[in-house]
1. I need the calculated FRET efficiency for the pair Thr526 and Glu621, taking r as the beta carbon distance and R₀ as 60 Å, to the nearest 0.05.
2. On average, how much accessible surface per residue is there in the stretch 59-109, in Å², for a 1.4 Å probe, leaving out ligands, DNA and RNA?
3. Quick check for you: which residues of the stretch 21-64 have the amide N under 16 Å from the point 7 Å beyond the Cα of Val71 toward its beta carbon?
4. So which of Lys105/Lys507; Lys90/Lys507; Lys32/Lys450; Lys32/Lys453; Lys105/Lys150 end up more than 19 Å apart by C-alpha?
5. Can you pull out the GluC sites (Glu not before Pro) in the stretch 461-569 that DSSP calls coil and that have at most 11 other Cβ atoms within 10 Å?
6. If we count every other residue with Cβ under 11 angstrom of Thr460's Cβ, Lys/Arg +1 and Asp/Glu -1, where does the sum land?
7. So how far, in whole Å, is the C-alpha centre of the stretch 288-339 from the one of the stretch 105-122?
8. Between Ala603 and Val644, what length in nm is gained on full extension when 0.36 nm per residue of separation is reduced by their alpha carbon distance?
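The values are calculated or read from the model by the stated rules, or taken from the named source; none is laboratory data. Note that the coordinates shown come from a computational prediction; the quantities given were computed from them, not determined experimentally. Counting neighbours? That spans all protein chains shown, and the Cβs are built from the backbone with ideal geometry, glycine included. For accessibility, only protein heavy atoms count, side chains too; no ligands or nucleic acids. Shrake-Rupley method; radii C 1.70, N 1.55, O 1.52, S 1.80 Å.
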Amino acid sequence: MKQFGLSAPVYSTEPVYRLGLLTMYDQFLARKQVSEFDLFTLDDIDSAFQNVTRLTYAQNHHLSGKGEGIVISPHVAGHLLGGTVWKITKDGEDVIYAVDFNHRKEKHLNGINPASFVRPAVLITDAYNALNNQPYRRQMDKEFTDTIKKTLRVDGKVLLPVDTGGRVLELMQILESCWVEENLIYPIYFLTYVATSTIDYVKSFLEWMSDSIAKSFETTRDNAFLLKHFTLLVNKADLDNAPDGPKVVLASMASLEAGFSHDIFVEWATDPRNLVLFTERGQFGTLARMLQADPPPKAVKVTMSKRVPLVGEELIAYEEEQNRIKREEALKATLIKEEESQASHGTDDNMSDPMVIDASNTNPLPDVAGPHTGGYRDVLIDGFVPPPTSVAPMFPFFESTSEWDDFGEVINPDDYVIKDEDMGQAVMHVGGDMDGKLDEASASLILDTKPSKVRSNELTVPVKCSLLYMDFEGRSDARSIKSILSHMAPLKLVLVHGTAEATEHLKQHCVKQVCAHVYAPQIEETIDVTSDLCAYKVQLSEKLMSNVLFKKLGDYEIAWVDSEVGKTENGTLSLLPLSTTAPPHNSVLVGDLKMANFKQFLADNGVQVEFAGGGALRCGEYVTLRKVGDASHKGGGPGTQQIVIEGPLCEDYYKIRDYLYSQFYLL
């Protein structure tokens, strides 16, 4: 936002806002310790996050200004805590932005609910996992913990390079459950610059987590993130001082490019007993991606950097430079002040000074001071009213010009807004409560103003430890993605974020099985997915509404309306009653029949019923019901449906048909 001047509003959920803020702090501190990082500052982070508007799941937010008429709504994505699938509605049509979603219910997150996004006008999703299939979650969790335990039992150490507050939460829940169930005593450390603050925030987000966690808290009042087997660290020195021996360390950053994970890898890579376990695919060009290659490298070149205080001549030179800068700034401020002072006094030499007595004026004043007044009566020549450009004659006095209304003094809301410099001080607030943004050790790094420099050296590290990748990215696999897309049945589909091979594979599948309009734009390519439908806003006239009979259908009321289009006085389209007799129309059955529910309904009414092959419902001895979707509607979502009744014309046939009609509303 600072670099490009972005001022657009930003929307997110509360967990994304809080944990995103801490993630940026962690990234900044990690980079600052190993380089002269100046791309952005902590103040820039705070300023950027000030523009974020927080929403809750399923909350409809109406945009204003240029976005007038657009409604956005976040829904559960199942990928990260607070992660969202965005539903964007305009003129009755939905655009779904569903990138990085997960259908599986995990330990701390619910999965996506595809039923909330059936038949959108446009669906934007990713092809990142279009070629990958995953085993069942319990099997993955067991393989994950078994691998870690195997390393610990041979006195090895396990390093998990992780993010700051995203997928690491699921890994922590898996490890905590395993340690509790098996009574393991191996220490587990969570090491980031904001570890304590991260967990403190997460403890307050239980309502954003899975149903099992929320239900457990309601019944036992036990918080799932009271991690009894974890030690939270914000300084690598604390890890170095820990007892030697087998341990598990979850350290940021996942890329191994910087942060605590980078330094720990360099130390542990030379021991064949140790294990570096990656839980997400490394980005191109990073050390993590290099180590995930098949076969892995036998040695890697790394740069070890450390910030050290300046001493000796370097310190003297630094102080002299700072003093020079301060003198220049002071001189510049003085010049500006003098210019402002001259501008305020004005340049009119003929303007008199109210404190100067005009002794040359020999014209006597009227005898206003009495008969005994001396010769100094000319002191009142110019009076005591100073010219507009004059400064105060004795001391500054500013008259209060507060505005008042019927309710009292008018206040200025800007006086109560926290300024940027005040926010900077708020960042320094430390402690275990939720008001603090940084841990004490992290805040000390910011408060440390001692002059320092970064010292770097390159090393060749032999990679003797075990390297393993296990997919815990929290994304749906290829099989699930195809099934979910078929259920959503979008009119148009846009594929982004995936390799060329994965994107083309998913595109070909969707063209055959999902919809005919599938787009896979390249970076910076613009595509037109404008809907072919035309939507108009109309006003229902009072005369028309007075004769309409509504029938309640769930949360809605429906009615059949015959009308003609007219215009109101202000030009708005309006539906008016027909001037002639309404033509007859075919009866319409409105409703969504669930075969399982109808089976139970028939059974309750004494009909012998069971499911036959292909989803058909066999009713009695002769009658069979079969639901057939419209051929133009793929995915089985809402739309025109046909209920086929097969069987001879007998008493059971007509009875089943009457029961079927009772499940719909006739218009």
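1. On the way: r = 62 Å, r/R0 = 1.03.
Working from the Cβ atoms, E equals 0.45.
2. Numbers: 2280 Å² over 51 residues.
Value for the stretch 59-109: 45 Å² per residue.
3. Under 16 Å, as judged by backbone N against the label point of Val71, lie 56-64 of the stretch 21-64.
4. Checking Cα-Cα distances, Lys105/Lys507; Lys90/Lys507; Lys105/Lys150 exceed 19 Å.
5. Numbers: sites: Glu473, Glu501, Glu504, Glu524, Glu525, Glu542, Glu557, Glu564, Glu569; in loops: Glu473, Glu524, Glu525, Glu569.
Loop-located and lightly packed - Glu524, Glu525, Glu569.
6. Within the 11 Å Cβ shell, the charges total +1.
7. Centre-to-centre distance over Cα atoms comes out at 47 Å.
8. Values: separation 41, 0.36 × 41 = 14.76 nm, distance 1.94 nm.
Gain on stretching Ala603 to Val644: 12.8 nm.
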